């Protein structure tokens with residue numbers, strides 16, 4: 001253990017070295033880490049506010065549309081953002097026009113896709129709400145959310161451009177602005193409703209989402225306008241079919257992976273309340289249970305992941321560098337240290353959430369259901385916090401396809417519990433599925449890392 005401690009101290013001294021801190025990758029990581037923690041804090045208190053304003057059933061209804069939005073983002077933005085980042089990063093510094101060409105071509109493709117998706121969902125919202133989601137009250141929520149799709153893809157592409165230019169501070173600020181405007185908008189609408197005597201509407205959450213995306217897109221466009229690289233180009237010349245094909249060829253595999261994951265997540269979200277009804281609950285109670293899970297218990301359990309996410313961001317370049325140097329001993333030490341530290345963090349969080357579940361549920365959310373779910377989910381913590389960092393190590397080694405396969409297998413495993421266990425034993429079946437699938441995922445990743453260290457000669 002002393003050797004591992006010495007290694008950890010050595011790594012910390014390296015990261016604190018002034019020359020190292022000047023590296024744009026490292027400074028960018030710190031900016032994104034800080035922004036991630038701030039946004040999680042804002043989001044945490046926002047969830048508490050929502051739990052006091054809306055009942056558990058209402059939060060469950062809102063939770064039903066979240067996978068639809070994730071699916072749209074996966075189709076329209078996720079892969080394209082990554083492609084823009086890769087191509088902009090590869091562009092020569094003295095050829096800024098080429099970088100802007102990739103940016104505007106990516107924006108054009110994203111806006112075309114997101115505009116089409118927004119049009120379809122806005123017009124077909126009643127059909128989607130009733131036939132797919134199974135909840136008519138989602139109609140207005142879908143329509144309002146659809147308006148945010150083009151805005152989300154716009155600032156997503158611009159953020160990809162700044163990532164490629166190693167200006168991570170701008171996307172970091174964009175994240176904070178988006179979250180802050182979202183929360184502020186919902187709070188203002190709530191106060192106006194109270195003062196005027198109007199009923200507080202669930203659509204306020206979607207209006208807040210729209211306001212957040214608008215403010216983030218406006219900020220991103222503003223920063224793009226005031227911080228241009230010196231380049232002689234026009235919008236017409238920036239749009240390139242050749243570059244569009246290059247972007248799509250790189251974005252398509254990433255988007256397909258995201259779409260596949262989002263599609264399974266959507267099925268899980270839609271089917272879980274239905275399976276809870278099959279277990280004997282009423283529709284209202286099923287939505288309430290799901291609303292507490294998605295809007296209260298799970299965000300609280302996920303809060304410490306802001307810190308493990310920071311570790312994951314630092315691990316990726318470190319592991320990639322070690323691999324390029326052929327230093328497997330360093331990778332092995334990194335893996336061991338990651339498993340030990342993340343597992344210890346998970347155990348401490350498990351003890352905290354398990355011990356204080358009743359207090360957290362009652363004081364923060366004023367919900368007995370939240371208290372019981374927090375206690376049940378606490379068992380997942382040691383394995384949940386490991387998965388992100390271990391996945392980042394695999395990404396750093398270039399094994400993204402393996403990570404996707406393992407993630408897919410884990411989600412299908414959990415989905416099996418939704419259909420088989422939940423109708424028999426209720427929501428406990430989903431908790432068991434979440435725990436077992438998470439252990440299964442971590443086990444697969446550890447096996448893959450072990451195989452790489454022992455047998456991979458590359």
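The values are calculated or read from the model by the stated rules, or taken from the named source; none is laboratory data. None of the values given here were measured: they were computed from a predicted structure. Reconstructed Cβ throughout: ideal geometry from the backbone, glycine too, with neighbour counts over all protein chains shown.
Here the range 248-284 is the region considered, the condition is being free of Cβ contacts under 8 Å to residues at least 40 places away in the same chain and over 22 Å from residue 412 (Cα atoms), and the residue that is farthest from the chain's Cα centre (by Cα) is 282. Residues being more than 19 Å from the chain's Cα centre (by Cα) and closer than 19 Å to residue 264 by Cα are entirely absent from the range 374-389.
Can we say residue 218 is over 25 Å from the mean Cα position of the chain (by Cα), on the phi < 0 side of the Ramachandran plot and free of Cβ contacts under 8 Å to residues at least 40 places away in the same chain? No: the conditions fail for residue 218. So how many residues does the range 350-371 have that are surrounded by 18 or more Cβ atoms within 10 Å (Cβ to Cβ) and part of a helix (DSSP H, G or I)? Looking only at that region, the number is 10. Within the range 278-297, the set of residues being surrounded by fewer than 18 Cβ atoms within 10 Å (Cβ to Cβ) and part of a helix (DSSP H, G or I) comprises 278, 283, 284, 285.
Screening the candidates 40, 93 for the property of being modelled with pLDDT under 85 and in a loop (DSSP other than H, G, I, E, B) yields one hit, 93.
Between 431, 393, which is farther than 20 Å from residue 291 by Cα and either surrounded by fewer than 21 Cβ atoms within 10 Å (Cβ to Cβ) or touching a residue at least 40 places away in the same chain (Cβ under 8 Å) (or both)? Result of the check over 431, 393: 393. Just one of the numbered conditions (1) under 30 Å from residue 100 (Cβ atoms); (2) modelled with pLDDT of 90 or more is not true of residue 166: (2). Here residue 60 qualifies as buried (at least 21 other Cβ atoms within 10 Å of the Cβ), modelled with pLDDT of 80 or more, under 30 Å from residue 363 (Cβ atoms) and within 23 Å of the chain's Cα centre (by Cα). Cβ-Cβ distances below 7 Å connect no pair with a first residue in the range 289-307 that is over 16 Å from residue 431 (Cα atoms), a second residue that is buried (at least 23 other Cβ atoms within 10 Å of the Cβ) and modelled with pLDDT of 90 or more, and a separation of six or more residues or different chains. Looking across the range 140-178 at every residue that is more than 19 Å from the chain's Cα centre (by Cα) and not in a helix (DSSP H, G or I), the one that is farthest from residue 226 (Cα to Cα) is identified as 147. Tally up the residues in the range 181-200 that are farther than 25 Å from residue 170 by Cα and in contact (Cβ under 8 Å) with a residue 12 or more places away in the chain, please. Qualifying residue count, the range 181-200: 4.
Could you tell me whether any residue of the range 79-87 is in contact with a helix residue (DSSP H, G or I) (Cβ under 8 Å, 6 or more places away or on another chain), more than 24 Å from residue 36 (Cβ to Cβ) and touching a residue at least 24 places away in the same chain (Cβ under 8 Å)? The answer is yes, given that some residue of the range 79-87 is in contact with a helix residue (DSSP H, G or I) (Cβ under 8 Å, 6 or more places away or on another chain), more than 24 Å from residue 36 (Cβ to Cβ) and touching a residue at least 24 places away in the same chain (Cβ under 8 Å). Scanning the range 193-204 for residues that are in a helix (DSSP H, G or I) and in contact with a helix residue (DSSP H, G or I) (Cβ under 6 Å, 6 or more places away or on another chain) turns up at least one hit. With respect to residue 439, determine if the residue is over 19 Å from residue 258 (Cα atoms) and in contact with a helix residue (DSSP H, G or I) (Cβ under 7 Å, 6 or more places away or on another chain). Criteria met by residue 439.
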